[in-house]
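Here the structure is laid out as structure tokens; the discussion comes afterwards.
The values are calculated or read from the model by the stated rules, or taken from the named source; none is laboratory data. Here the structure is a predicted model, which is why all the values come from computation and not from measurement. So basically every Cβ, Gly included, is an ideal-geometry build from the backbone, and we count neighbours across all protein chains shown.
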Amino acid sequence: MSRETENAILLLVGLSVAMIAVSGAFTRYVKPGLLPWLVASAALLIVLALWAIVGDIRRGGPRTGDETCEHPAGHSHRGGIVWLLTVPVLVLIFVTPPALRPSAAAPSATSVSTTDVVFKEAFPPLPPGEAPELSLPEVLMREFHDTTGSLTNRQITVTGFVLHEAHGGVDLGRVVIICCAADAQLARIHLGGPAAAQAAGLPDNTWLRVVGEVTPPPPGSARIPTLQATAVTRIDAPPNPYDYPH
Amino acid sequence: MEVLVGILLACAFSATMLRKAVFDSAALSTAGTVFCGVFVQAVPFLALGVVVSGLIAVFVPPERLARWLPRRPAVAVLAAGLGGAALPGCECGSVPVARRLFGDGGATGAAALTFMLAAPAINPVVLVATAVAFPGAPRMVLARLAASLLTAVIMGWAWARWGRPEWITRRLPAPGVRNQSRWAIFAEAARHDFLQAASYLVVGAAAAAMLHVVVPQWVFARLAAHLILGVALMAALAVVLALCSEADAFVAASMTMVPLLPRLVFLVVGPAVDVKLFAMQAGLFGRKFAARFAPGTLLVATASACAIGLLVLGSGSSGVGG
């Protein structure tokens, strides 16, 4: 592979990272907190590529191995492999795969931070208000690890998508990622109560905002609590497709 | 260059069709998303890694590094292992850095390999993440630190004892003519290292994406509860999933059906050897090297995680719910 092509590919990798950072598509793959780092690394790659391109033009043609290399015989790295970098460029720019579907996330009984070591601590009180907004992983963490029982007898609002169970029940689900799409897990809570029938009538992956009260799972059963829903509202898909435990 | 323009144009024209094909197939879109996830997640760490390796090319030629390191190789390896704690980041960044430190593999070779294995596993960011993921088991952090350090040091000593320079078939381009400016040396080294490491990262990310789709999720849920099967399975899983070392603790924490000891194996093996690291090592050091180093690391990492796990976590860790 010629040096110009290498530089062009380096530039394209930088541009494609910059493109998904600007368009917001990067939230399908990694957590939003990575944005400044993505921008910085895109800038670094673009600068490195432009520097090499401009430098080569100024010298009147690309430098060859003999000029820069003191041991031409030892210069044995093969350039062909760099062609592979066109794959992420093409996938990121032209395909931009969608956010993970729930079926692709690892089925986790409860949530990311549920360990078998029973660990309890006092969580801060819920935000004030009639039915404060909580993320699904936070609801599960409070349900299992909170000593203050902050969820007991409180109405809360949770956002997620409809997830029909094999045996007929209906769940509210959310895909949770820690670093990137490769570690995605599925957090879910059963829906019960008066408004659950409304959710059960909707197809999978419909986004909902549910108001209700959490009841713990019956002892000895699967460790999934139930949200006794009083109101179910259909909403548009949120801008961040995933939820994040921290 | 013409080929590149041709590929780009062809893809631009068929973009709608490609996109539709990927969006319509569940397996393709999952594989595509996981591929992008692994690649995009690694880019900033790789960028940090090549900045460090560029700086090394400018300021730390191997002769100078050899002068700084303790004279006796065994002690030098130990120092490099502890020095790994100073590079916060995950494993993708440490391969190009280690390749620069490795140089021609002389006096600094073993120390550079130890650094490569230690840095992603025992840096403060990863240890804090582990402590957060296992709030009820603080010994997990200690066990991870000890087992990863032990793995890195053993592999460094093994290289010093049995390593052969002829396995290193990939050489770095020599650092150029002497009158080059420092910036020119830095930019050339960073550019070269990024292109090489990122190309092999593509191979690794693609392998991880494929395995995500092919290996059914229930496999490890069923088999992992058995201790010895669990250890083997979790080691294999760490290799194929190719998770970032800052995230693997959370994934391990969520596998509640698996005893603590196999999960420790998962945490020790993952940052030391997985499919994307194997591809990157093959690219930067050479295939002969990677084909010997990676399986060796896998065995040593599994063994030292088991030994340290039994010592630190106790035999109670082998039962479910421990």
* Return yes or no: is residue B:105 within 12 Å of the chain's Cα centre (by Cα) and modelled with pLDDT under 85? => no
* Subset of the stretch A:162-185 [over 17 Å from residue A:226 (Cβ atoms) and either part of a strand (DSSP E or B) or of a type in the set (S, T, N, Q) (or both)] -> A:175, A:176, A:180, A:185
* Asked: Out of (1) in contact (Cβ under 8 Å) with a residue 12 or more places away in the chain; (2) more than 29 Å from residue A:178 (Cα to Cα); (3) hydrophobic (A, V, I, L, M, F, W, C), the odd one out for residue B:75 is which?
  -> (1)
* Among residues belonging to the stretch A:95-134 that are in contact with a Ser or Thr (Cβ under 6 Å, 6 or more places away or on another chain) and within 7 Å of another protein chain (Cβ to nearest Cβ), point out the one that is modelled with the lowest pLDDT. => A:112
* Can you name the residue in the stretch A:1-58 that is of a type in the set (D, E, K, R) and assigned to a helix (DSSP H, G or I) and is also farthest from residue B:1 (Cα to Cα) among such residues? -> A:28
* Structure fact -> Only one of B:37, B:84, B:54 is under 21 Å from residue B:158 (Cβ atoms) and of a type in the set (Gly, Ala, Ser), namely B:84
* **Output for the stretch B:13-29, where each listed residue is under 19 Å from residue B:211 (Cα atoms), more than 7 Å from every other protein chain (Cβ to nearest Cβ) and without any contact (Cβ under 8 Å) to a residue 12 or more places away in the chain** => B:25, B:28
* Looking only at the stretch A:80-94, and only at residues there that are at the interface with chain B (Cβ under 7 Å from one of its Cβ atoms) and under 17 Å from residue A:27 (Cα atoms), the one that is modelled with the lowest pLDDT -> A:94
